[in-house]
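Each remark here refers to the structure printed beneath this line.
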Amino acid sequence: LDPRKRFPWSGKWSAQVLTSKSTPIGDAIFLVMSYDIMRTRVEELLSLNADVLVLDEVHYIKNYRALRTKAAEKLGAEIPSVVGLTGTPLLNDRPIEMWPWLSLTRPTEWPDLWGRQGYGNRYCGGRTHYETFQGATQLEELAERLKTCTIRRTKTEVLKDLPPISIVPVPVKIPLTEYRKVERNVREAILALNPTSKGYWVHVLDRLNYLRVSIGKLKVKVAVEWATDFLESQPTNVKLVVYAHHKLVVATLVKELAQWGALEISGNTKPKDRDKISTAFQSDLEHRVIVISAAGGVGIDLFGERGVAASQILFVELEWRPADILQAIGRLHRLGQSLAVTAWIMGALGTIDEYMISRVEQKDFTIAKINDDESMIQGILEGWR
């Protein structure tokens with residue numbers, strides 16, 4: 001590396017952050033940018049003759065048809081060294097989502113997707129009448145092969161002093177008359193779809209979302225009662241994180257928990273405000289509740305500081321992917337947390353909750369098998385029953 005490009009007053013290597021698609025590129029040693037900016041400036045980046053390409057959160061390079069993946073592949077073909085970094089190498093139970101970054105970082109070890117013994121046929125269930133490479137097969141063999149081309153450090157290895165996590169089922173009983181009406185309409189809409197049509201599963205998930213919204217709204221009342229009972233039974237320095245998926249459910253929870261100084265971090269929260277809100281929750285005693293969605297499930301700390309105890313999270317709504325649930329728990333279970341963390345998973349039997357948690361448990365089991373790890377999310381459905 002050229003020592004003339006160091007910052008003379010610090011001795012550190014110079015770096016430039018590209019904040020837009022038109023930001024001029026200087027002569028810094030390191031360039032940092034988003035995937036979207038990378039995608040639109042591939043040719044310009046190729047002309048720099050870079051030595052190393054580092055792809056942070058490389059699990060976003062999961063769709064081999066996506067433009068960002070094609071851009072990364074184009075850069076990787078010309079740049080001598082490619083490194084991928086991620087805390088969640090597989091978000092779903094489909095090994096096909098690892099193929100793009102495996103073939104990009106180690107092309108000689110993962111050269112073939114489509115061949116008879118290629119990655120897709122061997123580890124992704126091959127092609128069927130309905131789908132291509134959406135299965136998960138030969139998982140023990142895949143796990144062994146991954147050990148030869150990845151360096152893995154678990155949270156318990158890196159942060160040995162972290163307290164334990166408990167995941168506890170919270171079964172609830174709610175009137176389901178209105179839910180059953182929605183359920184019938186959704187069932188009829190799904191049966192009217194053609195299973196062989198393109199995008200069939202996307203349309204199915206879209207219709208299932210009506211059930212998710214319905215049951216989410218119905219669980220608000222019992223969630224507020226549960227949160228109130230919890231907070232009333234605890235000292236005033238004990239706080240609670242509440243997780244929901246839909247904006248309407250988040251907004252209603254914040255309104256109904258206003259007496260506890262409820263804060264909110266959701267898709268409606270401006271990025272510049274998130275740190276300020278999370279800091280207030282961590283240390284200000286007047287805010288005993290924060291309601292978060294997926295937007296608050298990453299990139300922030302929510303554990304208590306200055307005598308505040310924040311180690312409890314209540315999931316009012318579920319996500320399809322175990323990584324999203326674990327990421328939300330990770331806002332509490334991270335460096336700086338001194339208390340055991342408990343995640344309370346609320347569910348109503350006989351509803352889409354039951355199907356969703358069974359899929360999450362199945363996915364978590366498969367992902368753990370591929371990663372040669374222990375499954376974190378198991379036994380919730382049994383606990384509800």
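A search for C-beta distances below 7 Å between a residue of the stretch 213-227 that is among the basic types (Lys, Arg) and any residue that is open to solvent by less than 10 Å² (accessible area, probe 1.4 Å) and not in a helix (DSSP H, G or I), counting only pairs 6+ apart in sequence or on different chains, returns LYS219/VAL316; LYS219/MET346; LYS219/ALA348. Hey, among PRO111, PRO163, PRO175, which residue is open to solvent by less than 70 Å² (accessible area, probe 1.4 Å), in a loop (DSSP other than H, G, I, E, B) and over 21 Å from THR366 (Cα atoms)? Going through PRO111, PRO163, PRO175 in turn, just one is open to solvent by less than 70 Å² (accessible area, probe 1.4 Å), in a loop (DSSP other than H, G, I, E, B) and over 21 Å from THR366 (Cα atoms): PRO163. Applying the set (1) in contact (Cβ under 8 Å) with a residue 12 or more places away in the chain; (2) over 19 Å from VAL170 (Cβ atoms); (3) charged (D, E, K, R) to LYS272 leaves exactly one unmet item: (1). For beta carbons closer than 7 Å, sequence separation of 6+ or different chains, a first residue in the stretch 74-99 that is closer than 30 Å to ILE377 by Cβ and in a helix (DSSP H, G or I) and a second that is of a type in the set (A, V, I, L, M) and open to solvent by 20 Å² or more (accessible area, probe 1.4 Å), the qualifying pairs are PRO95/ALA136.
Of the listed requirements (1) open to solvent by 10 Å² or more (accessible area, probe 1.4 Å); (2) at pLDDT 95 or above, ILE345 misses just one: (1).
Could you say whether any residue in the stretch 164-178 is of a type in the set (Asp, Glu) and over 30 Å from ARG385 (Cα atoms)?
Here is the first cut: in the stretch 164-178, the ones of a type in the set (Asp, Glu) are 178.
Now restrict to residues that are over 30 Å from ARG385 (Cα atoms): none.
No.
Would you check if there is a residue in the stretch 284-291 being under 30 Å from ARG152 (Cβ atoms), in contact with a Phe, Trp or Tyr (Cβ under 8 Å, 6 or more places away or on another chain) and open to solvent by less than 10 Å² (accessible area, probe 1.4 Å)? Checked the stretch 284-291: no residue is under 30 Å from ARG152 (Cβ atoms), in contact with a Phe, Trp or Tyr (Cβ under 8 Å, 6 or more places away or on another chain) and open to solvent by less than 10 Å² (accessible area, probe 1.4 Å). The criterion of at least 2 residues that are farther than 30 Å from ARG180 by Cβ, of a type outside the set (A, V, I, L, M) and in contact (Cβ under 8 Å) with a residue 60 or more places away in the chain is met by the following helices (runs of 4 or more DSSP H) wholly inside the stretch 286-385: 352-370. Taking the criterion of being touching a helix residue (DSSP H, G or I) at 6+ places or on another chain (Cβ under 8 Å) and either at pLDDT 95 or above or surrounded by fewer than 19 Cβ atoms within 10 Å (Cβ to Cβ) (or both), the only residue of the stretch 331-342 that qualifies is VAL341. State whether the residues of the stretch 229-247 include one that is part of a helix (DSSP H, G or I), over 24 Å from GLU131 (Cβ atoms) and under 26 Å from the mean Cα position of the chain (by Cα). Looking through the stretch 229-247, at least one residue is part of a helix (DSSP H, G or I), over 24 Å from GLU131 (Cβ atoms) and under 26 Å from the mean Cα position of the chain (by Cα). Out of the residues in the stretch 269-283 that are in a helix (DSSP H, G or I) and of a type in the set (S, T, N, Q), which is most open to solvent (accessible area, probe 1.4 Å)? Within the stretch 269-283, the match that is most open to solvent (accessible area, probe 1.4 Å) is THR279. In the stretch 26-39, the residues that are within 16 Å of ARG68 (Cβ to Cβ) reach residues that are in a helix (DSSP H, G or I) and open to solvent by 50 Å² or more (accessible area, probe 1.4 Å) with C-beta atoms within less than 7 angstrom, at least six apart or across chains, in these pairs: TYR35/TYR60; TYR35/ARG68; ARG39/LEU67; ARG39/ARG68.
For CYS124, the conditions (1) surrounded by 13 or more Cβ atoms within 10 Å (Cβ to Cβ); (2) under 30 Å from ALA15 (Cβ atoms); (3) within 23 Å of the chain's Cα centre (by Cα) are fulfilled apart from (2).
Every residue in the stretch 49-73 that is open to solvent by 80 Å² or more (accessible area, probe 1.4 Å) and either outside any strand (DSSP E or B) or polar (S, T, N, Q) (or both), please. Once the filter is applied, which keeps residues that are open to solvent by 80 Å² or more (accessible area, probe 1.4 Å) and either outside any strand (DSSP E or B) or polar (S, T, N, Q) (or both), the stretch 49-73 yields ASN49, ASP51, TYR60, ARG65, LEU67, LYS70. So is GLU317 surrounded by fewer than 23 Cβ atoms within 10 Å (Cβ to Cβ) and touching a helix residue (DSSP H, G or I) at 6+ places or on another chain (Cβ under 7 Å) or not? For GLU317, the condition - surrounded by fewer than 23 Cβ atoms within 10 Å (Cβ to Cβ) and touching a helix residue (DSSP H, G or I) at 6+ places or on another chain (Cβ under 7 Å) - is not met. Residues of the stretch 208-220 that are out of contact with any Phe, Trp or Tyr (no Cβ under 9 Å at 6 or more places or on another chain) and open to solvent by less than 60 Å² (accessible area, probe 1.4 Å): ASN209, ARG212, VAL213, GLY216, LYS219, VAL220. Would you please name the residue that is nearest to LEU208 (Cα to Cα), looking only at residues in the stretch 236-265 that are of a type in the set (Ser, Thr, Tyr) and open to solvent by 20 Å² or more (accessible area, probe 1.4 Å)? Out of the qualifying residues, it is THR252.
Selection of first residues in the stretch 253-268 that are assigned to a helix (DSSP H, G or I) and of second residues that are at pLDDT below 95 and among the hydrophobic types (A, V, I, L, M, F, W, C), restricted to Cβ pairs under 8 Å at least 6 apart or on distinct chains, gives an empty result.
Tally time: how many residues in the stretch 204-260 are of a type in the set (Lys, Arg) and under 17 Å from ALA310 (Cβ atoms)? Talk me through it step by step, then tell me what you get.
The initial filter retains those residues of the stretch 204-260 that are of a type in the set (Lys, Arg), namely 207, 212, 217, 219, 221, 239, 247, 255.
Still in the list and also under 17 Å from ALA310 (Cβ atoms): 239.
Summing the residues that are of a type in the set (Lys, Arg) and under 17 Å from ALA310 (Cβ atoms) in the stretch 204-260 gives 1.
Residues in the stretch 136-148 that are farther than 14 Å from ILE367 by Cβ, touching a helix residue (DSSP H, G or I) at 6+ places or on another chain (Cβ under 9 Å) and not charged (D, E, K, R): THR137, GLN138.
The values are calculated or read from the model by the stated rules, or taken from the named source; none is laboratory data. Note that this is a predicted model, so its numbers are computed, not measured. For neighbour counting, all protein chains shown are included, and Cβ atoms are generated from backbone atoms with ideal geometry for every residue, glycine included. For the accessible areas, the whole protein counts, side chains as well, though only heavy atoms, and no ligand, DNA or RNA atoms are used. Shrake-Rupley method; radii C 1.70, N 1.55, O 1.52, S 1.80 Å.
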